[in-house]
Amino acid sequence: MLWFSYTNGARKGKLMKLKTIGFIGLGLIGGSIARRIKQVHPDTIIMAYMRTRSTLEEAKADGIVDIILDGVDETLRTCDMIILCTPVSFNESYLKAIRPFIKPGCIVTDVGSTKTAIHETVIALDMEDCFVGGHPMAGSERTGYACSKASLLENAYYVITPTAKTTQDKLETMIQFAADQAAIPLVLDYKNHDYAVAAISHVPHVIASSLVNLVAKSDFPDGTMKKIAAGGFKDITRIASSSPVMWEQILFTNKDNIISLLEDYKRAIDQTITDLKTDNHKDIYDIFESSGAYRSSISDNRGSATMNPEYAIFCDIPDQPGAISVLASLLAFENVSIKNIGINHNREHMAGTIKIEFHDQASCEKATECLEYHHYPVYQKK
Ligand SMILES: NC(=O)C1=CN([C@@H]2O[C@H](COP(=O)(O)OP(=O)(O)OC[C@H]3O[C@@H](n4cnc5c(N)ncnc54)[C@H](O)[C@@H]3O)[C@@H](O)[C@H]2O)C=CC1
Ligand SMILES: O=C(O)C(=O)Cc1ccc(O)cc1
């Protein structure tokens, strides 16, 4: 597999040579990237175009956008980077539109969830010199500038897909750009990227949505299924609320990989049906045993090579008023600083589980010792 991880050398907040950056699309991802740029490099000039003018005015009032664009025009010629942040097929169309306004040396990048289609358009338009693909592996089921936040890409992988003509200088600038987002840059061949994301993102989105549709179709008239749906169903279907426009375009720009993996998945489901029909307990048991082993080996911290490793424990607390403050007081008494505390909605262990984050491993260990001494059940997440 052709991939290289670049985390050394890229420093968060290093002075960026990108003085002016243009955004086409300023929703969840574009807005989050722009917010972070303004946080790390307040002097960078940000210009943006999107169809909803009122949102651009809001972004200007927030101090995130300096120049509102009325369309794709001459103004873009001052940009050192132009970043396409609309749904993937629209990004392809914008490549052609921005082409006359790209100054020499400018990097054109995108944040799209699929890469082969846009790279093929780049080749067809002879834009391989200026284009470097990008895909931050973070986001959510929510959309729009209103949901954007500067920390969205923190500790997430930021996949960078160079073209055959990408210079080392442009690649390094992209790596630095990703590191400035507090993300972890990862350089990947664009075809490998699309196969990988088909498996870990696109097929799961299809499965989540079809599962929700199955329940919607099977539910009793009084909606009992919807009412009693528990954590497991909610965990694996959160992404079913994602943008239909965005996902339709993702599926059609990566359809061969998605079809091939869905065929494999269909075979696995057929096998499960056969195992049930033939009372094959062993193979049913094995499904859960092998999936459990692989799932436990996946880090729930964002990125295993994370720049800010997470020091966290999970702890069950009684369901009564003041329970969190009692626990916080115990830790304060031991002089342990808490970075973050919150109810764990995933309920992976049991009801009333809270997650406590610390600044370092020593605090994490001291807190575990203290809480176990006071008979709190404490879990370490692998
Ligand atoms: N939502 C997510 O979790 C992630 C999304 N992506 C990719 O990021 C891109 C943007 O997604 P989001 O920010 O989530 O979507 P969004 O819906 O929040 O934002 C899309 C933006 O594009 C604008 N837009 C849409 N069509 C347009 C058009 N024809 N002309 C001009 N502007 C247009 C919208 O007004 C909005 O500002 C997509 O390509 C998606 O594949 C990548 C990683 C994560
Ligand atoms: O919300 C989630 O868990 C996601 O999976 C977000 C997401 C959506 C699309 C991408 O290309 C990358 C990440």
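The values are calculated or read from the model by the stated rules, or taken from the named source; none is laboratory data. None of the values given here were measured: they were computed from a predicted structure. Methodologically, a virtual Cβ is constructed for each residue, glycine included, from the backbone with ideal geometry; neighbour enumeration extends over all protein chains shown. Please note that ligands, DNA and RNA were not included when accessible areas were found on the heavy atoms of the full protein model with its side chains. Shrake-Rupley method; radii C 1.70, N 1.55, O 1.52, S 1.80 Å.
Residue by residue, here is whether (1) open to solvent by less than 10 Å² (accessible area, probe 1.4 Å); (2) within 16 Å of ligand 2 (Cβ to nearest atom); (3) among the β-branched types (Val, Ile, Thr); (4) not assigned by TED's automatic domain parsing to the domain that holds residue 24 holds:
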site	(1), (2), (3), (4)
108	yes, no, yes, no
111	no, yes, yes, no
115	yes, yes, no, no
123	no, no, yes, no
149	no, yes, no, no
154	no, yes, no, no
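State which residue pairs qualify: first residue over 15 Å from residue 118 (Cβ atoms) and inside the range 242-255, second residue part of a loop (DSSP other than H, G, I, E, B) in any location, beta carbons under 7 Å apart, and separation of 6 or more residues or different chains.
Filtered contacts from the range 242-255: 242/141; 243/143; 245/87.
Need the failing condition index for residue 53 against (1) more than 13 Å from ligand 1 (Cβ to nearest atom); (2) out of contact with any helix residue (DSSP H, G or I) (no Cβ under 7 Å at 6 or more places or on another chain); (3) basic (Lys, Arg), just the number.
Every condition holds for residue 53 apart from (1).
Does residue 199 satisfy the condition of being of a type in the set (A, V, I, L, M, F, W, C) and either farther than 26 Å from residue 299 by Cβ or open to solvent by less than 20 Å² (accessible area, probe 1.4 Å) (or both)? Give the derivation first.
On the way: of a type in the set (A, V, I, L, M, F, W, C): yes; either farther than 26 Å from residue 299 by Cβ or open to solvent by less than 20 Å² (accessible area, probe 1.4 Å) (or both): no.
For residue 199, the condition - of a type in the set (A, V, I, L, M, F, W, C) and either farther than 26 Å from residue 299 by Cβ or open to solvent by less than 20 Å² (accessible area, probe 1.4 Å) (or both) - is not met.
If a residue must be among the hydroxyl-bearing types (Ser, Thr, Tyr), farther than 11 Å from residue 29 by Cβ and in a loop (DSSP other than H, G, I, E, B), how many such residues does the range 133-165 contain?
2
Among the helices (runs of 4 or more DSSP H) lying completely within the range 175-268, list those that include at least 3 residues that are within 12 Å of ligand 2 (Cβ to nearest atom) and either closer than 30 Å to residue 287 by Cα or modelled with pLDDT of 95 or more (or both).
Answer list for the range 175-268: 190-197, 203-218, 231-237, 244-252.
Need pairs with beta-carbon distance below 6 Å; first residue under 12 Å from residue 113 (Cα atoms) and within the range 73-91, second acidic (Asp, Glu) and open to solvent by 10 Å² or more (accessible area, probe 1.4 Å); sequence gap 6+ or separate chains.
Taking only residues 6 or more apart or on different chains, not a single pair turns up.
Restricting the search to the range 315-341, which residues are open to solvent by 70 Å² or more (accessible area, probe 1.4 Å), closer than 17 Å to residue 377 by Cβ and assigned to a helix (DSSP H, G or I)?
326
Residue under question is residue 134, and the condition is that it be within 22 Å of residue 249 (Cα to Cα) and either touching a helix residue (DSSP H, G or I) at 6+ places or on another chain (Cβ under 9 Å) or within 16 Å of ligand 2 (Cβ to nearest atom) (or both); does it hold?
Details: within 22 Å of residue 249 (Cα to Cα): yes; either touching a helix residue (DSSP H, G or I) at 6+ places or on another chain (Cβ under 9 Å) or within 16 Å of ligand 2 (Cβ to nearest atom) (or both): yes.
Yes, satisfied.
Is one or more of the residues making up the range 20-39 among the hydrophobic types (A, V, I, L, M, F, W, C), more than 22 Å from residue 242 (Cβ to Cβ) and open to solvent by 60 Å² or more (accessible area, probe 1.4 Å)?
Residues of the range 20-39 that are among the hydrophobic types (A, V, I, L, M, F, W, C), as a first pass: 21, 23-24, 26, 28-29, 33-34, 37.
After this cut, where a residue has to be more than 22 Å from residue 242 (Cβ to Cβ) as well, the list is 21, 37.
Next, from what is left, pick out any that are open to solvent by 60 Å² or more (accessible area, probe 1.4 Å): none.
No: the range 20-39 contains no residue that is among the hydrophobic types (A, V, I, L, M, F, W, C), more than 22 Å from residue 242 (Cβ to Cβ) and open to solvent by 60 Å² or more (accessible area, probe 1.4 Å).
Look at residue 245 and say whether it is hydrophobic (A, V, I, L, M, F, W, C), more than 30 Å from residue 38 (Cα to Cα) and over 17 Å from the mean Cα position of the chain (by Cα).
Values: hydrophobic (A, V, I, L, M, F, W, C): yes; more than 30 Å from residue 38 (Cα to Cα): no; over 17 Å from the mean Cα position of the chain (by Cα): yes.
It is false that residue 245 is hydrophobic (A, V, I, L, M, F, W, C), more than 30 Å from residue 38 (Cα to Cα) and over 17 Å from the mean Cα position of the chain (by Cα).
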